[in-house]
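A.B. asks: The following block contains the structure, expressed as structure tokens.
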Amino acid sequence: MKVNRLNRVVSKLTENGVSQMLISDPASIFYLTGKMIDPGERFFALLINADGENIIFINSLFTVPEELGAEKVWFSDEDDPCGIAARYIDRDKTLGVDKNLPARFLLRLMELGCALDYKNTSVCVDTVRACKDSEEIALMREASRVNDEAMRELKTRIREGMTERELASQLKDIYASMGAYGYSFDPLVGFGKCAAIGHYEAGNNTLCEGDCILIDMGCVKDGYCSDMTRTFFYKKVSDEHRKIYETVLKAQKAAESIIKPGVRFCDIDKTARDIIEQAGFGDKFTHRLGHSIGIECHEYGDVSSVNENTVEEGMIFSIEPGIYIDGDVGVRIEDLVLVTQNGVEILNHYSKELEIVY
């Protein structure tokens, strides 16, 4: 059990008037125990208590020889896992649950009357996970370093006439050669006009001279995610496309430059959005500026116009403005950033200056 992390979560629960919580999110269980299990449709949960009696409920299908710092309670596919869990929950108190607990389990627990009341206490875990500790920061730096190297290698494989799918398919082997465990999300590769399509899945569009090449990619390394976007041009770039690229780059750098503890997320978003609007492309920037990241690629919290929360030391999130012109071009530039005591550390080091690939 990661005791410091657990204590912070319990402290948040106490602030919210809750003394017990059933955590079912595998990523949060991994965060607290160091053990990742994908349970599929099966019940898998960690019960934490203010009194320190922590219990993990595990289907006997899974092999868990490790000592997790919590009592292991096993059950089989023939058992009623909620009925078993209910024996350990204090029915005279409120039970905190997380947003990932499937309704089929929550409804069963309620049917059994296992608690006085039920409260979504996901925020008590999510806000703690949002501020990375030194161990997590080191892992995120390494994941981003691998992503930088993978982007560098992938760029060398760009060839005229190849399809987006052909380029994207090479990433898995590149990551594996660098010790990464698969994708943090399916890579997004778009050539030319397809780069302007939101979350476009790499298809059979072929690369031609003058096309932009948008690559949004990330890997999982030692349980932590990376995410980065770069946009290149093939053989030549028009004056209009260069203007678009330089506008996105200016917006991205400006947003990163104001990041420090105490700054509001909405003000970071506005910094980038204002530059893009002033250049005449305001309606072509069609998404929030960024998202939090760590064990999962998209975690609690984002960099958007509606998030008035303030940035805190240890937070890691993306800064990824873009301009998308339907039927023509799409440009996005993305880094992951770490909030430090006095400012910001950019975790990606692959060049952001406009590159023409030959």
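A.B. asks: Counting only residues that are part of a loop (DSSP other than H, G, I, E, B) and over 21 Å from the mean Cα position of the chain (by Cα), which one in the range 305-328 is nearest to TYR234 (Cα to Cα)?
C.D. replies: Looking at the filtered set, the residue picked out is ASP328.
A.B. asks: Residue check: is ASP269 within 19 Å of the chain's Cα centre (by Cα) and closer than 20 Å to TYR324 by Cβ?
C.D. replies: yes
A.B. asks: Moving on to the next point. Which of the following residues is of a type in the set (Phe, Trp, Tyr), within 25 Å of ILE295 (Cα to Cα) and touching a residue at least 24 places away in the same chain (Cβ under 8 Å): PHE75, PHE105?
C.D. replies: PHE105
A.B. asks: A follow-up question, please. For GLU353, state whether it is over 23 Å from VAL123 (Cα atoms), part of a strand (DSSP E or B) and at pLDDT 95 or above.
C.D. replies: For GLU353, the condition - over 23 Å from VAL123 (Cα atoms), part of a strand (DSSP E or B) and at pLDDT 95 or above - is not met.
A.B. asks: Please go through the range 75-115 and pick out each residue that is under 18 Å from ASN16 (Cβ atoms) and touching a Gly at 6+ places or on another chain (Cβ under 8 Å).
C.D. replies: THR94
A.B. asks: At least 1 residues that are under 25 Å from the mean Cα position of the chain (by Cα) and crowded, with 16+ Cβ neighbours inside 10 Å in each: list the helices (runs of 4 or more DSSP H) lying fully within the range 1-99 that qualify.
C.D. replies: Where helices (runs of 4 or more DSSP H) fall fully within the range 1-99 and carry at least 1 residues being under 25 Å from the mean Cα position of the chain (by Cα) and crowded, with 16+ Cβ neighbours inside 10 Å, they are 3-15, 26-33.
A.B. asks: Then there is this: Confirm whether GLU111 is free of Cβ contacts under 8 Å to residues at least 24 places away in the same chain, out of contact with any Ser or Thr (no Cβ under 9 Å at 6 or more places or on another chain) and not assigned by TED's automatic domain parsing to the domain that holds SER292.
C.D. replies: The answer is yes for GLU111.
A quick yes/no check of all residues on (1) within 19 Å of ASP133 (Cβ to Cβ); (2) not hydrophobic (A, V, I, L, M, F, W, C):
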| residue | (1), (2) |
| --- | --- |
| ILE293 | yes, no |
| GLU308 | no, yes |
| GLU312 | yes, yes |
| TYR324 | no, yes |
| GLY330 | no, yes |
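A.B. asks: Six or more apart or on different chains, Cβ under 9 Å: which pairs go from a residue in the range 187-199 that's free of Cβ contacts under 8 Å to residues at least 24 places away in the same chain to one that's in a strand (DSSP E or B)? Could you list them?
C.D. replies: HIS199/LEU188; HIS199/ASP216
A.B. asks: Then there is this: Which of the residues spanning the range 143-155 are under 18 Å from CYS212 (Cβ atoms) and either exposed (fewer than 13 other Cβ atoms within 10 Å of the Cβ) or aliphatic (A, V, I, L, M) (or both)?
C.D. replies: MET151, LEU154
A.B. asks: For the range 164-262, please list each of the helices (runs of 4 or more DSSP H) lying entirely inside it that holds at least 2 residues being surrounded by 24 or more Cβ atoms within 10 Å (Cβ to Cβ).
C.D. replies: Helices (runs of 4 or more DSSP H) meeting the threshold: 171-177, 239-257.
A.B. asks: Given (1) touching a strand residue (DSSP E or B) at 6+ places or on another chain (Cβ under 7 Å); (2) assigned to a helix (DSSP H, G or I); (3) more than 16 Å from ILE316 (Cβ to Cβ), where does VAL123 come up short, assuming only one miss?
C.D. replies: (1)
A.B. asks: Can we say ILE356 is surrounded by fewer than 15 Cβ atoms within 10 Å (Cβ to Cβ), in contact (Cβ under 8 Å) with a residue 12 or more places away in the chain and of a type outside the set (Gly, Ala, Ser)?
C.D. replies: Taking the combined requirement at face value, the residue satisfies it.
A.B. asks: What do you reckon, is VAL331 over 19 Å from the mean Cα position of the chain (by Cα) and surrounded by fewer than 21 Cβ atoms within 10 Å (Cβ to Cβ)?
C.D. replies: When the stated conditions are applied, VAL331 does not pass them.
The values are calculated or read from the model by the stated rules, or taken from the named source; none is laboratory data. Please read these numbers as outputs of a predicted model, since none were measured by experiment. Virtual Cβ from ideal backbone geometry, glycine too; neighbours counted across all protein chains shown.
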